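Worksheet: one structure, shown below.
Computed from the coordinates by the stated procedures, all read-outs in this text should not be read as laboratory data. Everything quoted here is computed from the prediction, not taken from an experiment. Glycine gets a Cβ as well: all are built from the backbone with ideal geometry, and neighbour counts include every protein chain shown.
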Amino acid sequence: MANKFSKDSLNKLRDDLKKAWRKSPYTILVCGGTACQSNKGEEIYQTLVSEAKKQGAANDVQIVKTGCFGFCEKGPIVKVCKGEHVSFYVEVKPEDSAEIISTQVKGGKEVERLLYKDPNAKEHKAGAGEGNIGFYQKQVRVVLRNCGAINPEDINEYIANDGYVALEKALFEWKPEDVIEQIKISGIRGRGGAGFPTWMKWNTTKDVKSDIKYVVCNADEGDPGAYMDRSTIEGDPHSVIEAMTICGKTIGGTQGYVYIRAEYPLAVHRLEIALKQAKENGLLGKDILGSGFDFDIEIRLGAGAFVCGEETALLRSLEGQRGMPTPKPPFPAIAGLWAKPTCINNVETFANLPAILAKGGAWFASMGTPDSKGTKVFALTGKVENSGLIEVPMGTTLREIIFEIGGGIKNGKKFKGVQTGGPSGGILTEKDIDTPIDFGGLAKMGSMMGSGGMIVMDEDDCMVDVARFYMDFCVDESCGKCSPCRIGTSQILAILNKIAEGKGDEADLIKLETIGKAMQKASLCALGQTAPNPTLSSIKSFRDEYIEHIRDKKCRAGKCKKLAVYEILEEPCIGCGKCAKNCPVDAITSKEGWTAPADGKKKKPPMIIDQTKCIKCAECFNNCKFEAVVVKK
């Protein structure tokens, strides 16, 4: 077991680690986030280590497996650093390892074919690393400060980067009121949903008199397309542990819990390692750093219920009960886990706090907008060129995120909308794209920040289909406790299905709006209150598409199967007949009266579809290798 730190020995170790930081001539950073790990990231790391030994370069290079770099579109990513010179390699394969070692570590030259070259940059500056890449240029990393920079499984790497400095202040320099004052000055609001002021939640819990108080980290991230909290824990678990311990000291709590989904095995694994290391070194458990303060943290695995992202449902699940929300008040800060005062924040909120307390609240407040201070992490996904994990100052516009950081819409398509806030948010359109993003701004536009999912849609997306997707998700995830949510989600989904099948009428739009507004007012928790948002916002911005489905029985994007009209283009069709063989109703035949062109390039007649027989099964579309079968616009 390691020696337990005192305040002095921890400071000495930090100084020693900083002096010895990355002393090898070369440092190779290998992305170890879930996406890259699933694409042979671990194998890349292992082959780099073995190649360095094999080529006699082990003393010249330090190879570090990190958390997510964020640029997921181009993973696996490997960075080779020598002083200020950084080579940013993308789409790396295990077989590239030998060349990286021989060409760069031993030969001093970059592996040109692996370098990322920004298509929008006027010139490629060798060794500029992220500074030469548009994806990173507008980002400011606070939560993600250590992700992609340190080994998350080595506590020393966290300590060397000012880890546990904030905890020392909370234990030895500041009173609880001083900690809360710095958080108040920072202006940070909860990053998990509605944006409640963090200082107020901590202060309320602190002021309640109780023999037991709890600190809970909500890591139950369940929005479709969202992976911000998971990646933060994978890349920097000690930041969450440090913040929870500070919270415990501030509110007078001695026990913490991290509620995390069991389907995030890498995050759970790294959190377990970090907790073990913190306990062994006296940064968690009894008499932390010799201060006399005791605090411990345990992991609790969730089964993947979306409703357990709601704080009261999460607490019921922690107690071993069915995860269902309870009415508020009382709020968890007053009577939470086992009816005791409980301070609950999500991963991103906690991960901000060590940096805020180490640098001061005013530093954090200097970023963002008057309404929303600091930065926000988003998972940028969908029809965008550069999908990935990003962190930007509050007040950054959607245009900057989608077209500058994200590189624009894939395949030159036209931007149609972006869903922010997951199933709880709304769809924003071209008219909203230059609005600065903050809590109040998104609410005014009919959406919300949520945990930070951001899904981009293009002209080929159908808004009826998108609304149906999110409502189908909410129907599955509703706990069923309250009637407005249980019945309302099912009714909205049934109407959306009716419209998507060409059986709707215009009165259905009024029904959707009426039911949605009733749910917003009457549902017990935020899941039910926000579930209608995608439907209501899509009706508001894309009413013409709904009308087109109802009046013309047409889906312009071809996503609604019952309304799709498939046709076969004569030019790309080679007459192979595979579509006809797979058609269950014999609706496809060779074109009659067709004459072969004089050049002799096409020898068989193209196929045609008898629309009176077609049942919209899409078998022809799915089986054509030549993209000859298309959805008629």
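Worth a mention:
- Gain on full extension, evaluated as 0.36 nm per residue between Ile212 and Glu571 minus their Cα-Cα distance, stands at 121.8 nm.
- Amide H contacts for Ile63 (H built 1.01 Å from N in the peptide plane; partners 5 or more residues away or on another chain; cut-off under 5 Å): Ile28.
- Its residue count N fixes a reference of 2.2 N^0.38 Å for the stretch 104-190, and the Cα radius of gyration divided by that reference is 1.63.
- Kirkwood-based Rg to Rh ratio, the stretch 157-302, C-alpha trace: 0.95
- Counting neighbouring Cβ atoms within 10 Å and putting the fewest first, the residues Val631, Val418 line up as Val631, Val418.
- Estimated purely from DSSP H runs of n ≥ 4, each contributing -39500 (n - 2.57), the mean residue ellipticity at 222 nm for the chain is -10000 deg cm²/dmol once divided by its residues.
- Between the amide H of Ile427 and those of Ser537, Ser538, distances stay under 5 Å, these residues lying 5 or more places away or on another chain, with hydrogens modeled in the peptide plane.
- When every Cα-Cα distance of the stretch 444-489 is counted in 10 angstrom steps from zero, the calculated P(r) takes the values 21, 42, 33, 4 percent.
- Rounded Å value of the spacing that divides the Cα centres of the stretch 564-601 and the stretch 28-53: 48 Å
- For Lys175 and Glu430, the difference between the fully extended length at 0.36 nm per residue and the C-alpha to C-alpha distance is 86.9 nm.
- Viscosity 0.692 mPa s, temperature 37 °C, Stokes-Einstein D of the chain from Kirkwood C-alpha radius, µm²/s: 122 µm²/s
- Using only side-chain charges placed at the Cβ, +1 for Lys and Arg and -1 for Asp and Glu, the dipole size of the chain relative to its Cα centre rounds to 580 debye.
- 31 Å Cα-Cα threshold exceeded, pairs from Lys431/Lys633; Lys117/Lys633; Lys206/Lys359; Lys4/Lys249; Lys279/Lys340; Lys12/Lys175: Lys117/Lys633
- Centroid-to-centroid separation of the stretch 464-531 and the stretch 111-165 [C-alpha atoms, Å]: 42 Å
- In the chain, taking the dipole from charged Cβ atoms about the Cα centre, the farthest positive-side position among Tyr158, Gly406, Leu284 is held by Gly406.
- Between His85 and Lys553, the modelled labels are 6.9 nm apart [label points 7 Å from Cα along Cα→Cβ].
- Short to long, the 10 Å bins of the Cα pair-distance histogram for the stretch 47-99 hold 22, 54, 23, 1 percent of all pairs.
- For the stretch 522-624, the list of GluC sites (Glu not before Pro) that fall in a loop by DSSP and count at most 15 other C-beta atoms within 10 angstrom reads Glu570, Glu592.
- Number of Lys pairs (Cα under 27 Å; 8 or more positions apart or on different chains) in the stretch 436-549: 19
- Computed from backbone phi with θ = phi - 60° and the Karplus coefficients 6.51, -1.76 and 1.60, the 3J(HN,Hα) list for the stretch 457-469 is 10, 10, 4, 8, 8, 9, 6, 5, 5, 5, 4, 5, 4 Hz; x is used for glycine and proline.
- Distance between the stretch 215-279 and the stretch 365-399 - C-alpha centres, whole angstrom: 22 Å
- Take the Cβ atoms of Ala339 and Glu298, set R0 to 25 Å, and the FRET efficiency comes out at 0.85.
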